[in-house]
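The values are calculated or read from the model by the stated rules, or taken from the named source; none is laboratory data. Just so it is clear, the structure is predicted and the values come from calculations on it, not from any experiment. Please note: Cβ atoms are built from the backbone with ideal geometry, for glycine as well, and neighbour counts cover all protein chains shown.
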Amino acid sequence: MKTIHAPSIELRESRISPTAIAALAIYAKCGIPLAQEFLGFINSDKIDASTRNIATPQGLPTVDFFPMLEARYRSTDGAIKRLIEERGIETVLEFASGISPVGLALVRDYPIMFIETDISDEFLYKPELCRKVMQIGNIQSRGAQQFYKLNAVTMIGFTEVEKELQPGKPIILTNSGLVTYLSIEDQEKFASNIKRIMYSRPGSLWITADISLHCKDYFDTMSGISPAFEQQWNDMKAGLRAQLNIDLDETTYANEQQARAFYEQRGFKVTKMDKAELGFDLISESFLTLDLDKKRQLLDITEKTCTAWILELREGTGVIGSKPSLDGSNILRP
Ligand SMILES: C[S@@+](CC[C@H](N)C(=O)[O-])C[C@H]1O[C@@H](n2cnc3c(N)ncnc32)[C@H](O)[C@@H]1O
């Protein structure tokens, strides 16, 4: 049964975060399950505008970022499914859920509890959106969804979320598209919040492709292959600097080794789940205008790089510092 802690309000596209809409629009183009259905409830002018924002000026192709985001989604989704099946984990906690369809798609197929959280006020509309998608698609959930407003860095809102988590039982924690918005200091805080949640639930796993997507050498390699990609990367950097005062040159890891070391030094054991390990293609369609040779290079490097990592607590890893600051005031309730 699906529980919804939110008012039933008409969904208005103007209330939804542009980056979350852009991600959803890209997922829909790439054939991610249920993305098109979610998108159907959101005004198309807004989608076009937001997709343009994240991608291109001057009519350059907008598509060279798509494979990266498709690989992020499919590898994370595939790794979550694998670990639910192999380890019998019953609860997934997602940070920065936005309007991704992943939660609904997973509870449709698995008898799990999927807890979606996000910082934005617009997230109040997510339960309504899921309800509508279920109605038009005649979807019967095998599991249940919960929705809470939660800041993944300060953990404001966590008191109520924690009530959903059974003490001592392992859970999967996941996030897609969050780390890009975090300074190094906030990435540290986020990792330490995750660690605290995992510490009291032995066997828990953190599944995310956000870290592998945050390495500068990947963007440099892509830029060498595609001028459009380089333009998009530079635009994204300029946009984040102007709008959020985030400098991606400062917050991006130089390469995968550095990213891995960052998390290993903080007590995590890191395993990579790439296309070979997962056993299926991470990119179904490319929409790329590159010539065949460059297209192959881009897809090959992207499928090897932009993939889910599984982070577990190394044995003996203690939790330093106090518990997350707890404040239940942000629960989504009618
Ligand atoms: C690019 S969207 C990604 C959404 C979704 N995970 C997906 O894959 O489509 C980024 C999301 O991060 C959320 N966000 C940004 N900072 C956050 C924070 N500190 N805590 C929780 N959510 C945050 C935004 O509200 C937005 O929904």
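For this structure, a couple of remarks:
- Restricting Thr180, Thr154 to residues that are within 9 Å of the ligand (Cβ to nearest atom), modelled with pLDDT under 95 and surrounded by fewer than 22 Cβ atoms within 10 Å (Cβ to Cβ) narrows the list to Thr180.
- Residue check for Ile99: more than 10 Å from the ligand (Cβ to nearest atom), part of a loop (DSSP other than H, G, I, E, B) and aliphatic (A, V, I, L, M): no
- Candidates in segment 163-177 are the residues that are over 27 Å from Leu24 (Cα atoms) and either free of Cβ contacts under 8 Å to residues at least 40 places away in the same chain or in contact with a Gly (Cβ under 8 Å, 6 or more places away or on another chain) (or both); of these, the one that is surrounded by the most Cβ atoms within 10 Å (Cβ to Cβ) is Pro170.
- Annotation: Phe229 fulfils all but one of (1) crowded, with 21+ Cβ neighbours inside 10 Å; (2) within 14 Å of the ligand (Cβ to nearest atom); (3) assigned to a helix (DSSP H, G or I); (4) hydrophobic (A, V, I, L, M, F, W, C); the unmet one is (2).
- Within segment 136-177, being assigned to a loop (DSSP other than H, G, I, E, B) and more than 22 Å from the chain's Cα centre (by Cα) holds for Asn138, Ile139, Gln140, Arg142, Gln166, Pro167, Gly168, Lys169.
Per-residue answers, yes or no, for (1) within 16 Å of Leu205 (Cβ to Cβ); (2) at pLDDT 95 or above; (3) in contact with a Phe, Trp or Tyr (Cβ under 8 Å, 6 or more places away or on another chain):
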{"site": "Ser75", "(1), (2), (3)": "yes, yes, no"}
{"site": "Lys81", "(1), (2), (3)": "yes, yes, yes"}
{"site": "Glu90", "(1), (2), (3)": "yes, yes, no"}
{"site": "Ile119", "(1), (2), (3)": "no, no, no"}
{"site": "Glu128", "(1), (2), (3)": "no, no, no"}
{"site": "Arg131", "(1), (2), (3)": "no, no, no"}
{"site": "Val161", "(1), (2), (3)": "no, yes, yes"}
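- Filtering segment 248-290 to residues that are farther than 20 Å from Glu312 by Cβ, polar (S, T, N, Q) and part of a loop (DSSP other than H, G, I, E, B) leaves Thr252, Asn255, Ser284, Ser286, Thr289.
- Residue ID - farthest from the chain's Cα centre (by Cα), chosen from residues in segment 194-209 that are within 17 Å of Ile115 (Cα to Cα) and either hydroxyl-bearing (Ser, Thr, Tyr) or within 10 Å of the ligand (Cβ to nearest atom) (or both): Ser204
- With respect to (1) part of a loop (DSSP other than H, G, I, E, B); (2) without any contact (Cβ under 8 Å) to a residue 12 or more places away in the chain, the lone exception for Glu185 is condition (1).
- Restricting attention to segment 105-120, the residues that are near the ligand (Cβ under 9 Å from one of its atoms) and in a helix (DSSP H, G or I) add up to 0.
- Residues satisfying the stated conditions in segment 76-104, i.e. among the aliphatic types (A, V, I, L, M) and crowded, with 21+ Cβ neighbours inside 10 Å: Ala79, Ile80, Val92, Leu93, Ala96, Ile99, Val102, Leu104
- Any hit, segment 2-17, residues being part of a helix (DSSP H, G or I) and either acidic (Asp, Glu) or modelled with pLDDT of 65 or more (or both): yes
- Residue check, Lys295 in contact (Cβ under 8 Å) with a residue 40 or more places away in the chain, within 24 Å of Ile225 (Cβ to Cβ) and charged (D, E, K, R): no
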